[in-house]
Amino acid sequence: MQEEALNAIRGADTLEALQSVKTQYLGKNGLVTAQLKTLGTLTPDERRERGAAINLLKQILEAATQARENELRQAALEARLASEAIDVTLPGLALPAGGLHVITRILYELSDIFTSLGYAVVEGQEVEDETHNFDALNMPAWHPARDLQDTFWLENGQVLRTHTSNMQIRYMETHEPPLKIVVPGRVYRYEATDATHESMFHQFEGLVVGEGITMADLKGAIAEMGRAMFGKNARVRFQPSYYPFVEPGADFAIWWDQEQRWLELGGSGMVHPNVFRAVDDLREARGLTRIYEGKTGFAFGLGPNRIAMLRYGIPDIRYFYANDLRVLTQFRGDL
Ligand code: FA5
């Protein structure tokens, strides 16, 4: 029986199997216990001899059970350690990380350039009234220039701003000169979309107001921006153009040396006296001093989409806003 019991103990490959073998031999109704119970029928001499043998068997089986139990526990521990081991040399799981939109990065880049020139960056509302989007910018309702920018009208008579120039008015209305601001933001136009026109796009506006500001200051600011964005050989070109809120007005282009071509970027000019007058009217209505009449200033507005398209070779403006990750992740950059 000893041989058979030892085999069963050594062959038990789980703690549960071992427990049932132990019960089978050493339990209250087990085989070894049953043998002890037979001792009563023997003579005292036989009982002593037989009793000693059975106790020895019991001790051997208990020791073997304990040993097997230790083995099984050790093996289970090792298996667990092995399965939970961390191999620090394995490559990590690549978690998908977001990134800044390519237009956001251009707007940050432009804002950084002008911040370093002492400009403040301000943002403004996209739902605007006619006064700030048109009237105060020298575009009264009868003015043909109103048709230059097709407009999304809201049911309450407000508009989705057609340009960031609304912030010229909003800022001057509540701040005194001298001032230097830039305005990155979204604008909206009710027009058919094509490769270079979207109904929602971005603009980047600049406004400087003080005493004795001239066209040379405007040119200097645009040239500084050009060099910071397109390298030290960048040059600026101005061509006469018409915007109701500036006089004189000019479109500007920057020489992109690397590509040996001019980049038409936007419009600019000297702030029209009618704009200063309208701002003073708005200030007066708020109980603030008339302070802009007689001041001088320049303003510009450009399209960052165009910069991004040319710089990164993006052929269609609609890619920027179609939320196609195959396009956007190519320009993710660092966070
Ligand atoms: C304006 O919006 C003026 N507010 C700019 C300005 C500011 C002039 C200050 C003078 C002083 P314009 O409509 O040309 O001007 O638009 C400016 C730039 O926005 C354009 O050069 C172009 O780059 C971009 N743009 C205009 N319409 C669209 C469009 N539908 N889709 C994408 N970009 C556009």
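Is it the case, given these coordinates, that ARG286 is modelled with pLDDT of 90 or more, away from the ligand (no atom under 16 Å from the Cβ) and either touching a strand residue (DSSP E or B) at 6+ places or on another chain (Cβ under 6 Å) or under 27 Å from ILE222 (Cα atoms) (or both)? Don't jump to the end; show me each part of the working.
Numbers: modelled with pLDDT of 90 or more: yes; away from the ligand (no atom under 16 Å from the Cβ): yes; either touching a strand residue (DSSP E or B) at 6+ places or on another chain (Cβ under 6 Å) or under 27 Å from ILE222 (Cα atoms) (or both): no.
Taking the combined requirement at face value, the residue does not satisfy it.
When HIS197 is evaluated against the numbered criteria (1) crowded, with 20+ Cβ neighbours inside 10 Å; (2) under 32 Å from the mean Cα position of the chain (by Cα), which criterion, by number, is the only one it fails?
(1)
Across the stretch 250-265, what is the total count of residues that are within 9 Å of the ligand (Cβ to nearest atom) and buried (at least 21 other Cβ atoms within 10 Å of the Cβ)? First the steps, then the outcome.
First, the residues of the stretch 250-265 that are within 9 Å of the ligand (Cβ to nearest atom): 250-251, 264-265.
Those still in the list that are buried (at least 21 other Cβ atoms within 10 Å of the Cβ) too: 250, 265.
Summing the residues that are within 9 Å of the ligand (Cβ to nearest atom) and buried (at least 21 other Cβ atoms within 10 Å of the Cβ) in the stretch 250-265 gives 2.
So which residues in the stretch 136-180 are touching a residue at least 60 places away in the same chain (Cβ under 8 Å) and either exposed (fewer than 14 other Cβ atoms within 10 Å of the Cβ) or assigned to a loop (DSSP other than H, G, I, E, B) (or both)? Give the derivation first.
Within the stretch 136-180, the first condition is being touching a residue at least 60 places away in the same chain (Cβ under 8 Å), and the residues that meet it are 136-139, 143, 145, 163-165, 168-169, 172-174, 176-177, 180.
Once the filter is applied, which keeps residues that are touching a residue at least 60 places away in the same chain (Cβ under 8 Å) and either exposed (fewer than 14 other Cβ atoms within 10 Å of the Cβ) or assigned to a loop (DSSP other than H, G, I, E, B) (or both), the stretch 136-180 yields ASN138, MET139, HIS143, HIS163, THR164, SER165, THR174, GLU176, PRO177.
State the number of residues belonging to the stretch 83-124 that are surrounded by 10 or more Cβ atoms within 10 Å (Cβ to Cβ), part of a loop (DSSP other than H, G, I, E, B) and of a type in the set (A, V, I, L, M, F, W, C). Lay out the reasoning, then the answer.
Within the stretch 83-124, the first condition is being surrounded by 10 or more Cβ atoms within 10 Å (Cβ to Cβ), and the residues that meet it are 99-117, 119-124.
Then drop every residue that is not part of a loop (DSSP other than H, G, I, E, B), which leaves 99-101, 117, 119, 122-124.
Remaining after also requiring of a type in the set (A, V, I, L, M, F, W, C): 100, 117, 122.
Qualifying residue count for the region: 3.
From the residues in the stretch 266-281 that are assigned to a helix (DSSP H, G or I) and either of a type in the set (Val, Ile, Thr) or surrounded by 19 or more Cβ atoms within 10 Å (Cβ to Cβ) (or both), which one is farthest from the ligand (Cβ to nearest atom)?
Residues of the stretch 266-281 assigned to a helix (DSSP H, G or I): 273-281.
From what is left, the residues that are either of a type in the set (Val, Ile, Thr) or surrounded by 19 or more Cβ atoms within 10 Å (Cβ to Cβ) (or both) are 275-276, 278-280.
Numbers: VAL275: 10, PHE276: 14, ALA278: 15, VAL279: 15, ASP280: 19 Å.
That would be ASP280.
Looking at the structure I just gave you, is ILE307 surrounded by 16 or more Cβ atoms within 10 Å (Cβ to Cβ), among the β-branched types (Val, Ile, Thr) and either at pLDDT 95 or above or away from the ligand (no atom under 11 Å from the Cβ) (or both)?
Values: surrounded by 16 or more Cβ atoms within 10 Å (Cβ to Cβ): yes; among the β-branched types (Val, Ile, Thr): yes; either at pLDDT 95 or above or away from the ligand (no atom under 11 Å from the Cβ) (or both): no.
Here the answer is no, as ILE307 does not meet what is asked.
Assess whether ILE307 counts as being more than 18 Å from MET167 (Cβ to Cβ), in contact with a Gly (Cβ under 7 Å, 6 or more places away or on another chain) and either part of a helix (DSSP H, G or I) or not hydroxyl-bearing (Ser, Thr, Tyr) (or both).
It is false that ILE307 is more than 18 Å from MET167 (Cβ to Cβ), in contact with a Gly (Cβ under 7 Å, 6 or more places away or on another chain) and either part of a helix (DSSP H, G or I) or not hydroxyl-bearing (Ser, Thr, Tyr) (or both).
Name the residue, out of ARG80, ARG68, ARG73, ARG48, that is over 15 Å from LEU31 (Cβ atoms), among the charged types (D, E, K, R) and surrounded by fewer than 11 Cβ atoms within 10 Å (Cβ to Cβ). Quick ask: steps written out before the conclusion?
Values: ARG68 fails: surrounded by fewer than 11 Cβ atoms within 10 Å (Cβ to Cβ); ARG73 fails: surrounded by fewer than 11 Cβ atoms within 10 Å (Cβ to Cβ); ARG48 fails: surrounded by fewer than 11 Cβ atoms within 10 Å (Cβ to Cβ).
Residue meeting the stated conditions: ARG80.
Does any residue in the stretch 238-262 that is without any contact (Cβ under 8 Å) to a residue 40 or more places away in the chain and closer than 12 Å to GLY301 by Cα come within less than 6 Å, Cβ to Cβ, of a residue that is within 13 Å of the ligand (Cβ to nearest atom) and hydroxyl-bearing (Ser, Thr, Tyr) six or more places away or on a different chain, and which pairs are these?
If the second residue must be within 13 Å of the ligand (Cβ to nearest atom) and hydroxyl-bearing (Ser, Thr, Tyr), the pairs left are GLY249/SER241; GLY249/TYR242; GLY249/TYR243; ALA250/SER241; ALA250/SER268; ASP251/SER241.
Residue pairs, Cβ under 9 Å, 6 or more apart or interchain, first in the stretch 200-217 and part of a strand (DSSP E or B), second within 13 Å of the ligand (Cβ to nearest atom) and charged (D, E, K, R). List them.
Final answer for the pair search is MET200/ARG186; MET200/ARG189; PHE201/ARG186; PHE201/ARG189; HIS202/ARG186; GLN203/ARG186.
Which of the residues spanning the stretch 29-75 are within 60 Å of the chain's Cα centre (by Cα) and in contact (Cβ under 8 Å) with a residue 40 or more places away in the chain?
ARG68, GLU69, LEU72, ARG73, listed by residue number.
Considering only residues that are farther than 16 Å from THR104 by Cα and in contact with a helix residue (DSSP H, G or I) (Cβ under 9 Å, 6 or more places away or on another chain), look in the stretch 311-335 and name the one that is surrounded by the fewest Cβ atoms within 10 Å (Cβ to Cβ).
Looking at residues that are farther than 16 Å from THR104 by Cα and in contact with a helix residue (DSSP H, G or I) (Cβ under 9 Å, 6 or more places away or on another chain), I get PRO315.
Mind listing whichever residues of the stretch 178-217 are among the polar types (S, T, N, Q) and within 10 Å of the ligand (Cβ to nearest atom)? Show your work before the answer.
Keep residues of the stretch 178-217 that are among the polar types (S, T, N, Q), which gives 193, 196, 199, 203, 214.
The answer is THR193, THR196, SER199, GLN203.
The values are calculated or read from the model by the stated rules, or taken from the named source; none is laboratory data. This one's a predicted model, so the numbers in the text were calculated from it and none came from an experiment. No Cβ is skipped: glycine too gets one built from the backbone with ideal geometry, and neighbour counts run over all protein chains shown.
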